[in-house]
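Only one structure is covered here, and it is reproduced in the block below.
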Amino acid sequence: SQTIHQWPATLVQPVGSPLSLECTVEGTSNPNLYWYRQAAGRGLQLLFYSVGIGQISSEVPQNLSASRPQDRQFILSSKKLLLSDSGFYLCAWSEDSDQPQHFGDGTRLSIL
Amino acid sequence: RKEVEQDPGPFNVPEGATVAFNCTYSNSASQSFFWYRQDCRKEPKLLMSVYSSGNEDGRFTAQLNRASQYISLLIRDSKLSDSATYLCVVNYGQNFVFGPGTRLSVLP
């Protein structure tokens, strides 16, 4: 069966520091991969999605970037974090664009 | 108008009650539809897909009305464990749009 791993579970970072969140999927090949952010008490905001290695689509312009160096690995990065980057970051995968998405446990990021 | 709108909630219902959530979407090209539940400080989990003919999974019934661009979720015989936020999700092309969610609290 397919599993998705996302780490770390929580992270506290100072303003201006870099960020790297990693997500890996097991048990499937060539999945669609997604990064979302959820601010406290708010809905999910799609940040990036990828349909294949090296293919990244950005939904919201910001100081974040994403990369997919391997088929089942999706990385969210920032060179300099802002206070507004705080939130709950969720990675998800799906078999295809019209199939349900399945989420990792999420990373709760606090910027101080 | 937002792409996906849901009842604002919260819904506070006693155990055993029947509760219905509504969701409307604006893009008529939408292709697939889902309901997710999200527990506090947890990731969303797929509850059920929504099919044109309507579908049922135990105490949960989902219905889709494409003409009115409307989706519903009915929960019968509510349990304490049903307390969560319910997210309506609409998909078209590469876009997977989540509604803001409706919070449900089932009270003993």
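The values are calculated or read from the model by the stated rules, or taken from the named source; none is laboratory data. In this text the structure is predicted, and so the values were computed from the model without any measurement. Heads up, the Cβs are rebuilt from the backbone with ideal geometry, glycines too, and the neighbour counts pull from every protein chain shown. When the accessible area is computed, the model is the full protein with side chains, heavy atoms only, and any ligands, DNA or RNA have been set aside. Shrake-Rupley method; radii C 1.70, N 1.55, O 1.52, S 1.80 Å.
Tabulated data
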{"quantity": "Buried accessible area, chains B and A (both chains, 1.4 Å probe, Å² to nearest 100)", "calculated": "1500"}
{"quantity": "Cα-centred dipole magnitude for chain B, charges only on beta-carbon of K, R (+1) and D, E (-1), debye, nearest 20", "calculated": "160"}
{"quantity": "Minimum 40 Å² accessible area buried by the other protein chains, the range B:41-68 residues, probe 1.4 Å, relative to alone", "calculated": "B:Arg41, B:Glu43, B:Pro44"}
{"quantity": "Selected from A:Gln62, A:Leu76, A:Thr24, residue furthest toward positive end of dipole (chain A; charges at beta carbon)", "calculated": "A:Gln62"}
{"quantity": "The range A:2-61: C-alpha gyration tensor shape, a/c 1.5 cut-off, then a/b vs b/c", "calculated": "prolate"}
{"quantity": "Among beta bridges that DSSP assigns inside chain A, antiparallel share in %, nearest 5", "calculated": "90"}
{"quantity": "Computed FRET value (nearest 0.05) for A:Ile53 with A:Ser110, which takes r as the C-beta separation and R₀ as 25 Å", "calculated": "0.20"}
{"quantity": "Paramagnetic reach from B:Thr18 in the range B:76-90 [backbone N under 15 Å; point 7 Å along Cα→Cβ]", "calculated": "B:76-79"}
{"quantity": "GluC sites (Glu not before Pro) within the range A:18-93, DSSP loop, no more than 15 other Cβ atoms inside 10 Å", "calculated": "A:Glu59"}
{"quantity": "Global geometry of the range B:28-104, whether rounded, prolate or oblate, following the gyration tensor of its Cα atoms and the 1.5 cut on a/c", "calculated": "oblate"}
{"quantity": "Accessible area in square angstrom per residue, the range A:1-57, 1.4 angstrom probe", "calculated": "49"}
{"quantity": "Point-to-point label distance, B:Asp77-A:Glu22, nm (Cα→Cβ direction, 7 Å offset)", "calculated": "4.6"}
{"quantity": "For chain A, size of Cβ-based charge dipole, Lys and Arg +1, Asp and Glu -1, in debye", "calculated": "480"}
{"quantity": "Label-point separation, A:Glu95 to A:Ser77 (7 Å along Cα→Cβ), nm", "calculated": "3.3"}
{"quantity": "Sequence-separation-based contact order of the range B:7-103, relative, with Cα cut under 8 Å and 6+ spacing, percent", "calculated": "36"}
